[in-house]
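Structure record follows, encoded as structure tokens.
The values are calculated or read from the model by the stated rules, or taken from the named source; none is laboratory data. These figures come from a predicted structure and were not determined experimentally. No Cβ is skipped: glycine too gets one built from the backbone with ideal geometry, and neighbour counts run over all protein chains shown.
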Amino acid sequence: MAPAPHGGRLVQIAQIEASPEKTKELSENLKVVISNETRVAIFNISNGILSPLSGFMSFNDYENVLDSMRLSDDTPWTIPLLLHVPEDFKAGTGDEITLVNQADGSPAAVVSFEESFSISKREYAKKVFGTEDEAHPGVAKIYSMSSKVVSGRIRAVSKFPLNSVFERFTLTPKETRILFQEKGWKDIIAFQTRNAPHIGHEYVQKTALAFADGIFINPVLGKKKQGDFKDEAILSAYQALISNYYPKNSVVLSVLHYEMQYAGPREAIMHAIMRKNFGCTHIAIGRDHAGVGNYYGPYAAHEIFKEFPDLGITALFFREFFYCNKCMGIANEKICPHPESERLTFSGTKLRKMFLSGERPPKEFMRPEVSEVILKMKDAFVE
């Protein structure tokens, strides 16, 4: 049976009516221009992916999340969700704010103003990312933002513009919960990824699937760092893998529109919360989950789950898989006694170099059908 939504309720926010009267009303509101990444966050709030949040965080919630990794009502939550506004922005209690898209000036949502406050960006960086180093992409992002933020409930949203390629793979929690029920799945394991699948990913998925009714493969689409796979490459690669190497009706493939924070352990908890809202009972957590560079220990994202016995979704922890020449197969350090000299690790850097040079990775690294999809793409990586 699917777990209850995080915080006890699945948030659903109505769409803005497309009428002349509504357009006139919105034009009279205070306005804030938002980035595409904020627009994506609004989409995730409105569909319940970020339940129980129904808007942007209050000061009390913000402080609690920084210091205790919980909302002010004690619900687990590890990364603040803030609406940054210009330093000279002013609003009063009860004011309506129209959030407009940076790209074309169209309305994205209406927010009922509650309060504004300023944050210390260095405190945010230190507590959320564990570092103040601007080389960390998450730190660089928060340093580039305004210190002034606004809290408030989202009252209505406009239709989220989806690329037609991704639209049929974009399922909401309301839809996945119905789908899992129709399939008769009780134990559902979520798999978070921002990469095209290599053999190591496949073995994590299939090991988890051996103990469950189905697996929910939920790749992240959206803004990523340089060198990451592009959205189209990730989705096409997973379609090739699933159609050739998974039993029918064992996988649901759905994308998550989301900006990676690279917050390591804290982000692993957020990934679990989002998949709990989709209706998953478990989530696979691998080596250096949501990490970047050397900012986090390889299994720090495993350890943090000990602090959340009330999370409501079970984490399954996996050590790094590799190909062992001596074992003549895929193994990991828990089951393989052989030295590192016998191991071929699934290096993302190595795979990237192979693809950029037009070289096909060996079958021990990646399924040939998956490699073929990526090699056919002219630009598979974020530049």
Item to check | Selection within segment 193-219 - more than 18 Å from Val370 (Cα to Cα), touching a residue at least 40 places away in the same chain (Cβ under 8 Å) and not aromatic (Phe, Trp, Tyr) | outcome: Thr207, Ala208, Leu209, Ala212
Checklist entry - If you scan segment 164-197, which residues turn out to be surrounded by fewer than 17 Cβ atoms within 10 Å (Cβ to Cβ), aliphatic (A, V, I, L, M) and either in contact with an Asp or Glu (Cβ under 9 Å, 6 or more places away or on another chain) or under 23 Å from Gly222 (Cβ atoms) (or both)? => result Val165
Next on the checklist: So in segment 346-366, with the set limited to residues that are loosely packed, with under 13 Cβ neighbours inside 10 Å and hydroxyl-bearing (Ser, Thr, Tyr), which one is nearest to Asp379 (Cα to Cα)?
Outcome noted: Ser357
Checklist entry - Looking at Ile313, is it in contact with a Cys (Cβ under 8 Å, 6 or more places away or on another chain), crowded, with 16+ Cβ neighbours inside 10 Å and of a type in the set (Val, Ile, Thr)? => result yes
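The rows are residues; the columns are (1) assigned by TED's automatic domain parsing to the domain that holds Ala212; (2) in a strand (DSSP E or B); (3) within 18 Å of Glu202 (Cβ to Cβ); (4) touching a strand residue (DSSP E or B) at 6+ places or on another chain (Cβ under 7 Å).
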{"residue": "His289", "(1), (2), (3), (4)": "yes, no, yes, no"}
{"residue": "Lys350", "(1), (2), (3), (4)": "yes, no, yes, no"}
{"residue": "Phe355", "(1), (2), (3), (4)": "yes, no, yes, no"}
{"residue": "Gly358", "(1), (2), (3), (4)": "yes, no, no, no"}
{"residue": "Glu364", "(1), (2), (3), (4)": "yes, no, yes, yes"}
Checklist entry - Taking Ser146 and the conditions (1) among the small types (Gly, Ala, Ser); (2) assigned by TED's automatic domain parsing to the domain that holds Val85; (3) buried (at least 19 other Cβ atoms within 10 Å of the Cβ); (4) assigned to a loop (DSSP other than H, G, I, E, B), which numbered condition does it fall short on, given that it satisfies the others? => result (3)
Checklist outcome for this item: Selection over segment 52-65 where residues are surrounded by fewer than 19 Cβ atoms within 10 Å (Cβ to Cβ) and in contact with a Phe, Trp or Tyr (Cβ under 7 Å, 6 or more places away or on another chain) yields a count of 1
